[in-house]
Each structure stands twice: as C-alpha cells, then as structure tokens.
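Quick notes on the structure that follows.
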Amino acid sequence: METLLPLALFAFVSSITPGPNNIMLTSSGILFGFVRSIPHMLGITVGFGVMLALCATGIGGLILAVPAIQVILKVLGSGYLLYLAWQLRRMAFRQDDSGRAKPMSFLGAAAFQFANPKAWVMAVTGVSAFLPAMQPVWFAITMFCLVFCAINLPCVGVWAGTGAALRRHLAQPKWQQVFCIVMVSLTVYSAVAIWM
C-alpha cells in the first residue's frame with residue numbers, strides 16, 4: 001500500500017502533462033463542448049486501463065522489446081496526429097458546421113491509446129516502477145489500474161473543460177485563426193516528437 005501514493009503522483013503528472021490525448025481533448029472541448037467530449041474522455045481512460053493491464057502482465061514489455069513493433073506504433077501514432085493537424089487547419093467553429101463534425105467516439109479514443117507512444121511509455125514506466133508487490137497478482141494489477149484510471153479521468157477532463165471554457169472566446173474569427181495555428185503547431189510537434 002505504500003506504493004499507492006507514489007503511483008498516484010506519477011499518474012497525476014503523466015496524465016495532466018500535454019500529449020496527443022490532451023491536445024485532442026482541448027480541441028474537442030472547443031468544438032463540441034464538455035458533455036459531447038465525455039465519450040472521448042472515457043475512451044482514453046478505459047483504453048489506457050486495458051493497456052496498463054496488458055503491460056502489467058508482461059505483454060507491454062514484450063511489445064516494446066521488438067523494434068519493428070515500436071516503429072509500427074510510431075508510424076500509426078504520428079500518422080494519426082498529422083491527419084488531425086490536417087483536419088484542424090481548416091476547422092471552423094461556426095454553428096452551421098457543428099452538425100457535420102463529430103467528436104471522437106469512445107471506441108476510437110480507446111483504440112488510439114495503442115498507437116499513442118506517450119501512453120505506452122506511461123504504461124510501461126508505471127508498471128515497472130509502481131506495480132504494488134502484493135498477492136494475489138491479479139489484485140495488485142487491478143488496484144494499480146483502478147488507481148491510475150481514477151486519476152487519469154479527471155486529468156483528461158481538465159483539458160476538455162479548458163477547451164469548453166475557451167469555446168465562447170473563439171466565436172470571433174480572429175481568435176479561431178490563432179487557436180487553429182496553435183493547435184496545428186502543437187499537433188504537428190507531437191507527431192514529430194514521437195520520433196525523438
């Protein structure tokens with residue numbers, strides 16, 4: 001139980017810091033509001049929880065030990081982020097466009113975790129450093145995943161909430177352009193940073 005506090009701190013720091021999920025959630029909050037972004041947030045947390053469980057059983061270490069799989073994950077992750085940057089560059093926040101665009105689904109967000117290199121690093125690091133040494137093992141893994149996910153969900157919610165709070169300020173075209181430039185730049189940077 002003494003490992004739960006360090007685990008909680010690691011979960012908080014790794015979940016609240018910028019990354020592909022948080023950039024996408026800020027955009028979702030702006031475009032669709034907080035409530036419509038909830039499936040996206042839940043998908044991130046549940047998908048990441050599944051990834052944590054897989055890493056805790058040793059599968060994550062095996063995946064990261066095979067260089068070809070690492071390259072595939074990087075290609076998928078950076079490709080998806082570049083696709084998002086392409087979509088963001090021409091996105092408008094007008095009411096008449098809101099019917100055509102849709103927020104990321106629960107399943108889409110959950111599946112994206114497996115192409116997100118930051119999520120893999122968080123999961124493997126968290127498991128190797130903070131998995132409780134208790135018996136039975138399945139209980140330790142369950143406790144680990146529940147603590148991490150309980151902290152992750154409000155952290156990603158902060159990013160969606162920030163986007164939703166910015167939504168009314170972006171009603172003006174000038175601020176829409178500034179937002180688009182910043183978000184496209186951050187998304188492209190995330191795609192490039194995967195390879196660093």
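Being modelled with pLDDT under 90, farther than 30 Å from residue 4 by Cβ and not in a helix (DSSP H, G or I) is the requirement here; does residue 174 meet it? No.
Residues in the stretch 80-107 that are loosely packed, with under 14 Cβ neighbours inside 10 Å, within 17 Å of residue 36 (Cβ to Cβ), of a type outside the set (A, V, I, L, M, F, W, C) and at pLDDT 75 or above: 102, 105. In the stretch 1-86, counting only helices (runs of 4 or more DSSP H) that sit wholly within it, none holds 2 or more residues that are under 17 Å from residue 113 (Cβ atoms) and acidic (Asp, Glu). Applying a threshold of 8 Å to beta carbon distances and a minimum spacing of six or more residues, or different chains, the list of pairs starting in the stretch 123-135 at a residue that is under 16 Å from residue 47 (Cα atoms) and ending at one that is among the hydroxyl-bearing types (Ser, Thr, Tyr) and surrounded by 18 or more Cβ atoms within 10 Å (Cβ to Cβ) reads 126/14. The residues listed here are 140, 165, 171; of these, the one that is surrounded by fewer than 18 Cβ atoms within 10 Å (Cβ to Cβ), in contact with a Gly (Cβ under 8 Å, 6 or more places away or on another chain) and of a type in the set (Gly, Ala, Ser) is 165.
Of all the criteria given as (1) of a type in the set (A, V, I, L, M); (2) closer than 30 Å to residue 166 by Cα; (3) modelled with pLDDT under 85, the one not satisfied by residue 110 is (3). The set of residues in the stretch 162-189 that are among the hydroxyl-bearing types (Ser, Thr, Tyr) and out of contact with any helix residue (DSSP H, G or I) (no Cβ under 8 Å at 6 or more places or on another chain) comprises 185, 189.
Scanning the stretch 1-36 for residues that are buried (at least 18 other Cβ atoms within 10 Å of the Cβ), more than 12 Å from residue 156 (Cβ to Cβ) and aliphatic (A, V, I, L, M) returns 7, 30, 31.
The residues of the stretch 170-192 that are within 17 Å of the chain's Cα centre (by Cα) and not hydrophobic (A, V, I, L, M, F, W, C), listed by number, are 187, 189, 190.
The values are calculated or read from the model by the stated rules, or taken from the named source; none is laboratory data. What you see is a predicted model; the values in this text were computed from it and never measured. So basically every Cβ, Gly included, is an ideal-geometry build from the backbone, and we count neighbours across all protein chains shown.
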